[in-house]
Amino acid sequence: MELLKHFEEGSKNFVILSLKDEEWDEFIAKLPIPYKNCYIPDKELEHRIQSFSSTKENELSEILPSIGNIQSGDFGEILSYFIFKERFKKRNVDGPKKWRWKQEKNVAAPYTDVILFSIKKNGKASKDDLLISVESKMKATASSSYHPIEKAIEGAEKDSVSRIANSLCWLRKKYKDETLKANAPIAKLKELVDSIERFIKSETVGEYSKQIKAVAFVDKTFFKDEVEKTVTIPAINGATFEVVVVSIKDLQKVYENVFTQIPKL
């Protein structure tokens with residue numbers, strides 16, 4: 001799924017991605033299927049339907065968020081996930097679809113919004129091993145007191161100080177929990193646990209490359225005002241810090257459309 005080709009890229013004090021208005025429909029049409037997969041794999045959805053003589057609509061109604069601010073937050077996190085997988089395609093980064101592990105559909109998933117990583121497959125730790133953490137914020141409706149770029153930076157800085165470590169321990173546990181499922185891909189899950197361990201134990205295993213991303217998704221109507229506000233971009237010891245601001249026309253309509261379309265697939 002190629003998403004970045006629908007954006008024009010620029011820069012100020014940060015990276016700017018602006019969705020091309022004329023490609024708005026094409027862009028949105030790409031999202032419902034991969035978004036659904038971020039909440040539940042097709043096989044698990046079909047299993048639920050068969051086991052409980054249910055329907056796709058009924059099962060997805062228990063899984064997909066139905067409250068606007070949670071839809072908005074999830075939308076930004078998942079779009080961040082796909083954007084950075086594509087931006088780091090050459091590094092073959094990957095990471096958990098953590099929205100599958102939400103305990104309650106209308107509560108945000110815990111810990112760092114998005115974690116992606118890439119390690120060498122020779123079993124030896126390398127400084128080139130890469131960990132990316134992403135903090136995502138949305139501004140789809142008018143608010144004079146909410147500044148998404150500043151909030152994304154604050155959250156990303158918090159990630160770099162403490163939350164990444166907690167997130168990695170949580171991910172390790174969740175991957176181990178996955179091994180208990182019927183027909184679980186045990187070998188793949190063990191590999192993922194080993195990857196997480198590499199970053200958790202970096203003090204003894206060796207350094208790695210860390211990139212911290214603060215991402216603000218802003219409705220095009222508010223975009224100019226938001227990017228002109230003064231923000232301070234922190235210097236994080238041992239990590240690269242980057243701010244990305246994404247402009248999308250009718251942002252609320254976009255995420256509402258996606259969540260409306262998923263049950264109709």
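Which residue pairs have Cβ atoms closer than 9 Å, lie 6 or more positions apart in sequence or on different chains, and pair a first residue in the range 188-205 that is over 10 Å from Leu171 (Cβ atoms) and in a helix (DSSP H, G or I) with a second residue that is open to solvent by 30 Å² or more (accessible area, probe 1.4 Å) and acidic (Asp, Glu)?
Once the first residue is over 10 Å from Leu171 (Cβ atoms) and in a helix (DSSP H, G or I) and sits in the range 188-205, its partners that are open to solvent by 30 Å² or more (accessible area, probe 1.4 Å) and acidic (Asp, Glu) give Leu189/Glu178; Val205/Glu197.
Taking the criterion of being open to solvent by 30 Å² or more (accessible area, probe 1.4 Å), in contact with a Lys or Arg (Cβ under 9 Å, 6 or more places away or on another chain) and not charged (D, E, K, R), would at least one residue in the range 226-239 satisfy it?
Yes, the range 226-239 has at least one match.
Here is a list of conditions, (1) open to solvent by 10 Å² or more (accessible area, probe 1.4 Å); (2) in a loop (DSSP other than H, G, I, E, B), and Pro65 meets all of them except one; can you say which number that is?
Evaluating Pro65 over (1) open to solvent by 10 Å² or more (accessible area, probe 1.4 Å); (2) in a loop (DSSP other than H, G, I, E, B) leaves (1) as the failure.
Against the conditions (1) in contact with a helix residue (DSSP H, G or I) (Cβ under 8 Å, 6 or more places away or on another chain); (2) in a loop (DSSP other than H, G, I, E, B); (3) open to solvent by 30 Å² or more (accessible area, probe 1.4 Å); (4) farther than 30 Å from Ser144 by Cβ, where does Cys169 fall short? Just the number, please.
(2)
Return yes or no: is Lys120 of a type in the set (D, E, K, R) and at pLDDT below 95?
Working: of a type in the set (D, E, K, R): yes; at pLDDT below 95: yes.
Taking the combined requirement at face value, the residue satisfies it.
Okay, residues lined up against (1) among the acidic types (Asp, Glu); (2) within 28 Å of Leu131 (Cβ to Cβ); (3) more than 18 Å from the chain's Cα centre (by Cα):
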site: Phe223; (1), (2), (3): no, no, yes
site: Lys229; (1), (2), (3): no, no, yes
site: Thr232; (1), (2), (3): no, yes, yes
site: Asn237; (1), (2), (3): no, yes, yes
site: Phe241; (1), (2), (3): no, yes, no
site: Ile248; (1), (2), (3): no, yes, no
site: Leu251; (1), (2), (3): no, no, no
site: Thr260; (1), (2), (3): no, no, yes
site: Pro263; (1), (2), (3): no, no, yes
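Listed residues Asp25, Asp94, Asp21, Asp42; which is within 30 Å of Lys127 (Cβ to Cβ) and either open to solvent by 30 Å² or more (accessible area, probe 1.4 Å) or in contact (Cβ under 8 Å) with a residue 60 or more places away in the chain (or both)? Let's see the steps before the verdict.
Numbers: Asp25 fails: within 30 Å of Lys127 (Cβ to Cβ); Asp21 fails: within 30 Å of Lys127 (Cβ to Cβ); Asp42 fails: within 30 Å of Lys127 (Cβ to Cβ).
When all the criteria are applied, what remains is Asp94.
The values are calculated or read from the model by the stated rules, or taken from the named source; none is laboratory data. This structure is a prediction, so every number in the text was calculated from the model and none was measured. Note: ideal-geometry Cβ built from the backbone for every residue, glycine included; neighbour counts use all protein chains shown. Calculation scope for accessible area: heavy atoms of the full protein, side chains included, ligands and nucleic acids excluded. Shrake-Rupley method; radii C 1.70, N 1.55, O 1.52, S 1.80 Å.
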